[in-house]
Every structure is written in structure tokens, then in C-alpha cells.
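Each value in this text was obtained by applying a stated rule to the coordinates, not by laboratory testing. Bear in mind the structure is a predicted one, so any value in this text is a computation, not a measurement. All Cβ positions, glycine included, derive from the backbone under ideal geometry; neighbour counts span all protein chains shown.
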Amino acid sequence: MSDNIESHLSENRIFKPSKEFSKNARIKSMAQYKRMHKESIEKPGVFWGREAKELTWQKKWTKALDWKAPYAKWFVGGKLNVCENCVDRHLTNGRANKAAIIWEGEPGESRTLTYRQLHREVCQFANVLLAQGIKPKDRVLIYMPMVPEAVIAMLACARIGAVHSVVFGGFSAESIVDRLSDCKAKAVITADGGYRRGGVVPLKANVDEALKKYKAVDTVIVHQRIGDKIPMKRGRDVYWHDEAARVPAKHVAKAFDSEHPLFILYTSGSTGKPKGILHTSGGYLTGTYSTCKYIFDMQDDDVYWCTADVGWVTGHSYITYGPLANGVTQVMYEGAPNHPDFGRFWDIVEKYGVTIFYTAPTAIRAFIKAGDQFPDSRDLSSLRLLGTVGEPINPEAWMWYHEKIGGGRCPIVDTWWQTETGAIMISPLPGCTPTKPGTATLPFFGVDAAILDETGEECAPNEGGKLVIRKPWPSMLRSIYGDKKRYRDTYWNDYKGMYTAGDGARTDRQGNFWIVGRLDDVLNVSGHRLGTAEVESALVEHKTVAESAVVGRPHEIKGQGVVAFVTVKGNVKTSEALAKELRNHVGKVIGAIAKPDEIYFTPSLPKTRSGKIMRRLLKELVATGEVSGNITTLEDYSVIADLQKNLKK
Ligand code: PRX
């Protein structure tokens, strides 16, 4: 099997949920989980049909699943409005005056929107979009800070059948251009800025820069978050509040087909061009609704907080759609976890009485480093359930989270999933699954996960292989926007009719899944996917660079750091200043998360005789300082010796 897959962990600590937690949880025993899982695999239509029926459909489907690999249609013939399910339906089920979103800005202000108020805002903004001429299936790019208006904008698009594509506020103007031109967006929704670590992120200025290159956007709607005077282009830019004042706050949600496109979200792959992952309506909503209900065990009196940004899939599925479809009260926070210090998250938990808390291992490692005094001095007793997502959690971080944040009493759900899967796929169910630090444990309902070797045989316990999903599931991606071939080649080519996740994994003797990491040239930096090819192409765009190779190296906080090897053009002099300039250049082309932590200049890169860069050697070199594997295919051996010397300096 591939040398990427190796597993060293043998974790024997087992944590079972308390009797009290299990008693009140939705799934109370392993027997219940096994029974339901069996049904969900053997009779997916029955299982998912029951889940979907808990939502509001304006027209019932005729067939639960139509599967012609690799294309799935769920709830065929059914019609629903996703926004109606997240908002309107709570006006008549007793939740109208319940807080939907409790928001806290980084400077400290807070704002609460009840479901009724959220409904009003969403309807009004839907009317703003309609007045701007946005039609069903039009693409709308959203580039917003973490404010309720980001969620309102997404919901309003869904309400009128427009397709949103949210771009993370930390991405650069050039990243906006790439995404705009790929999805051919008609409108952009942004803000004058957002607060982050005490400063202002100039969102509208980035949009302005992007629109100098991509000119097919007719409308830019600007939410005023900061209030500073900013340039507004006549005939194109309008303020959200001005437009809202002109339209009624009433809007009746029309139903769309279950397979109507809901959103496109770009994510990194192994080429330089991000993939526009396409999700549709009925299946996606059912998947996010159901995972929230069972995995986060959402109850009516919970206060749920997911710390992700709406620019990532976690913010789509576990801030906007899943939690609101469940009618839960959630906290939303605008800013950085360490502003003004590392106590901020714990202040928020204490202040609003958060009961369910969902974050990333990279954040947990940063908290561990900052010191126990921050959580120790806050009252975290409201918490009852903790979750993690984005990368494998190292057992020490798991234990710290369990003890320091969860007070030893809260189950931890380590949730494995991807932008492509739409919803959580492998995770403990908090009321029944015995957990071990470092494993995402068992497949969720309807998920037929397996680990296969190169020949397609299922691996034995503890044998590393490729993680696949053998059957379609409701929230699965439907395609890569505008590129069916890439969709088939990327996900469906390894084994017939099966989805390949791109992750290496193993199972243990109890059937728990241990995710080892990506098998392709994708890094996981602070829980975010980053294609090495994207960073490489950003580097070679710079006038001084001839060639580059980018690899990941283990990083204490970020999980993986970015290391770039750069060959400059003939007459260019290398220097610290140039390295700094290149780092900033990558920041400008992609965004700050992609800036290389280290840049090494080298006269040549290790290549095979056919000219392929041997990234495997570079990876090993940066991780261990040595190269031990097979180097017989290397064209020029002296390159490695030179690099070794260079790295030691
Ligand atoms: O490698 C896996 C890792 O993150 C990748 C998906 O990244 P993205 O699409 O950006 O979505 C992140 C949020 C869902 C996966 O292929 N990953 C995600 N969750 C876990 C994980 N690795 C191990 N354990 C997890 N719980």
C-alpha cells in the first residue's frame, strides 16, 4: 500500500457516555445505533424517507433515491424550500420567539435574532435580491464577515432559488476573481469590513479590486458593519440597508425541486484550480438536519456554538442549514479566539450558557499552548457536549479538551467529513458510542464506509488503506460545478461505483475508523484544505520565480505548515527580503493561510529522469532532515545533498 499510509497509534483509553447523558440522548444504546444503521444501509429509502418527512415539503417525493453512479438524485419529484425549513416552519411550531442567533461582535456588542426576527430579515433581503433582478439558479457570491447578515444572505438566496457561493473572508481579491469567473456570478454580497484581531478586514476593497478583473457583476450589495466611508460605484454598488428600506418584509417561499442547486463551495484539490463543489437542496438539508439531531443531540433548550467561519463547509452545514432546520438557539461570534486574549471563547461559553461546543483541533492546540489559566478562570459548567472537526485530533489534545473544557463529563464527538460529503459521515453518537482519543469512531446512519487496498479488497483491522464510501448518501456532492469529468475522475475512478475520499485510514478491531491524512497533494493547514499546486502556481506567478515545489511539514499548532522550495530565474539574487516578498505574494494571491512558513531557495529541485518533481523526498526531508526511501529514479543525486545542507543552515 502507499507509503503515505502508516499508523503508529495504539490507543487503549476508552470513554463511555455517562448513564445520565445516555438516558436523555436521542440514541441511547449501541444496540439502537446498530439496528438503525443496519436499516439505513439495507433500506436507505425507508430510513432517509423517515428523516426527510420531519422537514416541510410542499410536494412529496415519489422515489427516495435514483442512483446511476456517480450521479444521485434524492427525493425525486419532491419540492421544498430550504429557507422555509430553516426559518418559517419555526413560526408555527412554538419557536417564533425563541432566539435563533445570539451574535457577539469582536468589539463586544451583542445582538439576538429570534426566529420571527430572522424570518423578517430574510424575507426582506429576499425581496432586495429579487428587486436587483436575481433569478432562480443565478449565482451570487457572498464575501462577508461573521455577522448574522452572512447567514441571512445565504438563506435569502436559498429562498428565491439563487445559488450562493460563499468565499472565506480571509481569501484575497485574486481568489475572488477565480471563483467569480468559474461560477459566473451575477451579484456579490459583501460588507464594508469586518473586525478581526482588533483590526478591520477590508472586504469591500477586495471586492472592488476583484471586479476590476471580472466585470460581469451587475450588483454589489454592501452590508454596513463598520460604518466608515468607502467608495461606492454608481450603478453597481448599493447599501443593504438602503435597499431593504425600499422593499416589503413579506415574502412567500416558493418550492423548488429537491435537486435544485443550493450552493457551490470551492475547495482545494491536487491541481492549482479549486473545485466548485455543488450541493443541492432536499438531500443536503436532510443530511445536515439529521446529523445535527443525532450527533449533536440537539434539544430544544440547547445553546449551540460552532466556531467555524461561514466561508467553510462547516459554517454552511453546522451554522446555517443544520442547526436552523433543527430550530436550535445558536451563538455566532465575529472575531478571533485570542482577542483580546485566549479567554474569549470561554467568556462566550460562560456568558451565553453554551451547552454544545464544536471547534477544530488546531484551535484546541492553540488553547493548550496559551495556558490553563484561561479556561480555569471561567465557568464552563453549562457545557454538555463537545465536538471537533477538520483534522485528526491528537490524543493529548483530546484529553485536554475532555478534562479542561468538558470537565470530564462531556462526550466528545470527533466528526469526520468533507466539503464534498456535505454532512458528517463518521462520528460517535454521544449517547452511546464508546470513544477513544483520536478516532472518529463509527459511520453515521446511511454511511457505508470501508477501507480498501489497491486491489479493491477490504483491509484487515490495523492495515492502512483508502477510505471509500460504497453507497450514495443524501448530502453528497452532485458534481464539480461545470466539470463533470473532473467530478468523475477525482472521486469515482479508483473503485467502481464507490466514492474515494482522498484520505488514508485504518480501522481497529472494534471497527473504529482512524483517519491518517490526505493521500493527495492536499495539505491540512489549521483544519483548512490547501492544494500544494495552488501555492506553487502562486509562487511561479512571481516575476523572480522559475520553479517551485511545496510540501507540508508537521506543525505544532496548525497541524501542517507550508514549506516552499523555490528556484529563481537566472539573474535573480536570493535574499531574506525576497523570501518575505514571496510570502506576501502568496498571501495576496490566495490568502494569509497559504503563506509559506518557510521558503528555501535551491538551484534545482529533485526530479525523476522524466522531469517529475519528487515531492515525496522533499516531504521526508523537511520532516526528518533525511531521505531514506528509494531514490534510484532521481536524476541528479547532488540535489538532495545540497538541499540537506541548505536545510541545516
Ligand atoms: O482529511 C480530512 C480532514 O479534512 C478533510 C476535509 O476538508 P474540508 O473539505 O475542508 O472539510 C473540513 C470540514 C469538514 C478530510 O478529507 N478531516 C476532516 N475532519 C476530520 C478530518 N481528518 C480527521 N478527523 C476528522 N474528524
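In whole angstrom, how far apart do the alpha carbon centroids of the stretch 187-264 and the stretch 499-546 sit?
Answer, in whole Å: 32.
Which loop-located GluC sites (Glu not before Pro) does the stretch 427-467 contain, where loop means any DSSP state but H, G, I, E or B and the Cβ has at most 16 other Cβ atoms within 10 Å?
Answer in residue order: Glu454, Glu457, Glu463.
Just want the ordering: Phe513, Phe125, Phe21, from fewest to most Cβ atoms lying within 10 Å of their own Cβ. Don't jump to the answer; show the numbers that get you there.
Numbers: Phe513 23, Phe125 27, Phe21 19.
Listing Phe513, Phe125, Phe21 from fewest to most nearby Cβ atoms yields Phe21, Phe513, Phe125.
With 30 Å as the limit, write out which pairs from Lys213/Lys466; Lys212/Lys558; Lys580/Lys607 have Cα-Cα distances beyond it, or answer none. Could you put the intermediate results ahead of the total?
Numbers: Lys213/Lys466 41 Å; Lys212/Lys558 34 Å; Lys580/Lys607 26 Å.
Distance filter (> 30 Å) returns Lys213/Lys466; Lys212/Lys558.
Along the positive direction of the dipole of the chain (beta-carbon charges: Lys, Arg +1; Asp, Glu -1; about the Cα centre), which of Pro17, Gln373, Leu429 reaches farthest?
Going by the Cα projections, it comes out as Leu429.
Report ³J(HN,Hα) in whole Hz for each residue of the stretch 126-131, in order, from the Karplus equation J = 6.51 cos²θ - 1.76 cosθ + 1.60 where θ = phi - 60°; Gly and Pro get x.
Whole-Hz 3J(HN,Hα) from phi for the stretch 126-131: 4, 5, 4, 4, 4, 5.
What does the charge count around Ala25 come to, taking other residues whose C-beta lies under 15 Å from its C-beta (Lys +1, Arg +1, Asp -1, Glu -1)?
Details: positive: Lys16, Lys19, Lys23, Arg26, Lys28, Lys293, Arg384, Arg409; negative: Glu20, Asp297, Asp300, Asp301, Asp302.
Around Ala25, the charge tally is +3.
Check the straight Cα-Cα distances from Lys43 and name the lysines below 18 Å, setting aside those fewer than 8 residues away within the same chain.
Lys34, Lys53, Lys63, Lys68, Lys73, Lys471
Which net charge results for the neighbourhood of Cys83, defined as the other residues with beta-carbon distances under 12 angstrom from its beta-carbon, given Lys and Arg at +1 and Asp and Glu at -1? Write out the running numbers ahead of the final one.
Values: positive: Arg89, Arg159, Lys254; negative: Glu84, Asp88, Glu121.
That works out to 0.
Say each of Arg609 and Ala370 gets a label point 7 Å from the Cα, pointing the same way as Cα to Cβ; how far apart are those two points in nm?
Each label point is offset 7 Å from its Cα along the Cβ direction, giving 5.5 nm.
Measure up Lys275/Lys595; Lys28/Lys404; Lys293/Lys484; Lys79/Lys250; Lys137/Lys229 against 31 Å on the Cα-Cα distance and list the ones that go over.
On the way: Lys275/Lys595 20 Å; Lys28/Lys404 26 Å; Lys293/Lys484 33 Å; Lys79/Lys250 21 Å; Lys137/Lys229 33 Å.
Pairs exceeding the cut-off: Lys293/Lys484; Lys137/Lys229.
Rounded to the nearest 5, what % of DSSP beta bridges with both residues in the chain are antiparallel? The partial results should precede the final answer.
Details: 60 of 99 bridges.
Here the share of antiparallel DSSP bridges comes out near 60 percent.
Taking neighbour Cβ counts within 10 Å as the exposure measure, how do Val568, Val82 sort from fewest upward? Mind dumping the intermediate values first?
Working: Val568 20, Val82 30.
Neighbour counts put them in this order, fewest first: Val568, Val82.
Which ³J(HN,Hα) values, rounded to whole Hz and listed in residue order, are derived for the stretch 488-499 from phi using the Karplus coefficients 6.51, -1.76 and 1.60 in 6.51 cos²θ - 1.76 cosθ + 1.60 with θ = phi - 60°, glycine and proline given as x?
Each residue of the stretch 488-499 in turn: 5, 5, 6, 10, 10, 9, 6, 9, 4, x, 10, 8 Hz.
Relative contact order of the chain, please, whole-number percent, based on alpha carbon pairs below 8 angstrom and at least 6 residues apart. Numbers along the way, then the final one.
Values: 1409 pairs, mean separation 92.2, N = 649.
Here the relative contact order equals 14 percent.
Between beta-carbons, use under 11 Å as the cut-off and find the net charge around Ile405, counting Lys and Arg +1, Asp and Glu -1. Don't skip to the answer; put the middle values down first.
Working: positive: Arg378, Lys404, Arg409; negative: Asp372, Asp376, Glu403.
Combined, the nearby Lys, Arg, Asp and Glu give 0.
Please list, by residue number, every one of the trypsin sites (Lys or Arg not before Pro) in the stretch 606-638 that is coil in DSSP and has at most 16 other beta-carbon atoms within 10 Å. Mind dumping the intermediate values first?
Working: sites: Lys607, Arg609, Lys612, Arg615, Arg616, Lys619; in loops: Arg609, Lys612.
Those that pass, being in a loop and sparsely packed, are Arg609, Lys612.
For Glu174, Glu626, Glu598, what ranking results if the residue with the fewest other Cβ atoms within 10 Å of its Cβ goes first? Don't skip to the answer; put the middle values down first.
Numbers: Glu174 18, Glu626 10, Glu598 14.
So the residues, fewest neighbours to most, are Glu626, Glu598, Glu174.
Straight-line reach from Lys569: which aspartates and glutamates have a Cα under 17 Å away, not including same-chain ones fewer than 8 places off?
Of all the aspartates and glutamates, those that pass the test against Lys569 - Cα under 17 Å, at least 8 places apart if same chain - are Glu536, Glu541, Glu547, Glu581.
Hand me the trypsin sites (Lys or Arg not before Pro) from the stretch 10-64 located in a DSSP loop with no more than 14 other Cβ atoms within 10 Å, in residue order please.
Counting only loop positions with at most 14 other Cβ atoms within 10 Å, the trypsin sites (Lys or Arg not before Pro) in the stretch 10-64 are Arg13, Lys60.
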